[in-house]
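Inspection log for the structure reproduced underneath, given as structure tokens.
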Amino acid sequence: MRDKRLVLKAEGIWRSFQTGAGTLDVLKGVDLEIYQGEVVAIVGPSGSGKSTLLNILGGLDRPSQGSVRLDSIDVFSLNDKELAGFRNRTISFIFQFHHLLPEFSALENVMLPGYIARENLKTTKDKALKMLDEVGLSERVEHKPGELSGGEQQRVAVARALINEPTIIFADEPSGNLDKNMAESLHNLITGLNRNKEQTFIIATHNFELAQRAQRILRLEGGKIEPYKI
């Protein structure tokens with residue numbers, strides 16, 4: 001991957017929280033480099049800080065110490081308004097729960113990032129239809145989330161994550177709420193998007209089948225991150 005473009009560089013990431021018992025250091029100096037077209041899986045025990053790390057790398061939370069550069073931008077040099085705009089243009093998230101708006105159709109849910117970015121409505125709709133076709137839901141565009149299976153709902157969430165052509169997608173337990181068959185289908189989708197579009201993913205997961213599809217597996221434990229030894 002060293003001949004690929006470096007898209008994310010995190011250095012010395014600490015995240016501490018104040019508790020009744022004192023200071024809790026969840027992350028203790030994490031360093032990380034991610035290259036264009038990589039799928040990187042982060043594994044580790046529950047409570048090890050995987051979600052905290054993804055939230056910091058994706059600009060949803062600020063570290064206690066350390067820096068993140070994404071596409072050569074010093075993420076935490078931006079104020080909150082600038083950071084929100086940067087996230088919408090550059091980063092997407094897929095969570096364990098799809099967070100679709102129940103009153104909106106699949107198409108409208110996928111169009112949401114375009115609405116936020118104030119893109120041309122027709123352009124946004126055309127892109128959303130293309131994304132839904134790519135995730136195998138071209139026949140379900142007018143269905144609302146309650147009319148879709150769990151796997152289909154998560155595919156809508158993936159299409160929504162793709163619409164703004166993000167530099168990187170952060171996925172936090174993306175198949176954690178799916179049964180085995182639906183999870184396998186989602187894993188195949190992620191693998192295909194990486195292969196066909198060179199989409200970069202960082203995935204926090206307990207699902208070792210998904211982790212094994214990554215080019216790299218990292219383990220987060222005790223606030224530190226290191227290559228996972230199978």
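The values are calculated or read from the model by the stated rules, or taken from the named source; none is laboratory data. As the structure is a computational prediction, the values presented were derived from the model and not from experiment. Please note: Cβ atoms are built from the backbone with ideal geometry, for glycine as well, and neighbour counts cover all protein chains shown.
Of the residues making up the range 133-153, those that are more than 16 Å from LEU193 (Cα to Cα) and not in a helix (DSSP H, G or I) number 9.
Considering the range 84-116, the residues that are of a type in the set (Val, Ile, Thr) and within 15 Å of the chain's Cα centre (by Cα) include one that is modelled with the lowest pLDDT, namely ILE94.
Restricting attention to the range 193-213, the residues that are among the small types (Gly, Ala, Ser) and under 16 Å from ALA157 (Cβ atoms) add up to 1. Taken over the range 88-111, the criterion of being aliphatic (A, V, I, L, M) and buried (at least 18 other Cβ atoms within 10 Å of the Cβ) is satisfied by ILE91, ILE94, LEU100, ALA106, LEU107, VAL110, MET111.
Pairs linking a residue in the range 16-31 that is more than 23 Å from LEU70 (Cβ to Cβ) to a residue that is aliphatic (A, V, I, L, M) and surrounded by 10 or more Cβ atoms within 10 Å (Cβ to Cβ), with Cβ atoms under 8 Å and 6 or more positions apart or on different chains, are PHE17/LEU24; PHE17/VAL26; GLN18/LEU24. Within the range 126-147, the set of residues being surrounded by fewer than 19 Cβ atoms within 10 Å (Cβ to Cβ), of a type outside the set (Gly, Ala, Ser) and closer than 19 Å to HIS187 by Cα comprises ASP133, GLU134. Considering each residue of the range 171-212, count those that are more than 17 Å from LYS50 (Cβ to Cβ) and of a type in the set (Phe, Trp, Tyr), and give that number. Residues in the range 171-212 being more than 17 Å from LYS50 (Cβ to Cβ) and of a type in the set (Phe, Trp, Tyr): 0 in total. Within the range 32-87, restricting attention to residues that are of a type in the set (S, T, N, Q), without any contact (Cβ under 8 Å) to a residue 60 or more places away in the chain and part of a loop (DSSP other than H, G, I, E, B), the residue that is surrounded by the most Cβ atoms within 10 Å (Cβ to Cβ) is SER64. Taken together, LYS180, LYS144, LYS229, LYS224 contain a single residue that is more than 14 Å from the chain's Cα centre (by Cα), within 19 Å of VAL110 (Cα to Cα) and of a type outside the set (Asp, Glu), which is LYS144.
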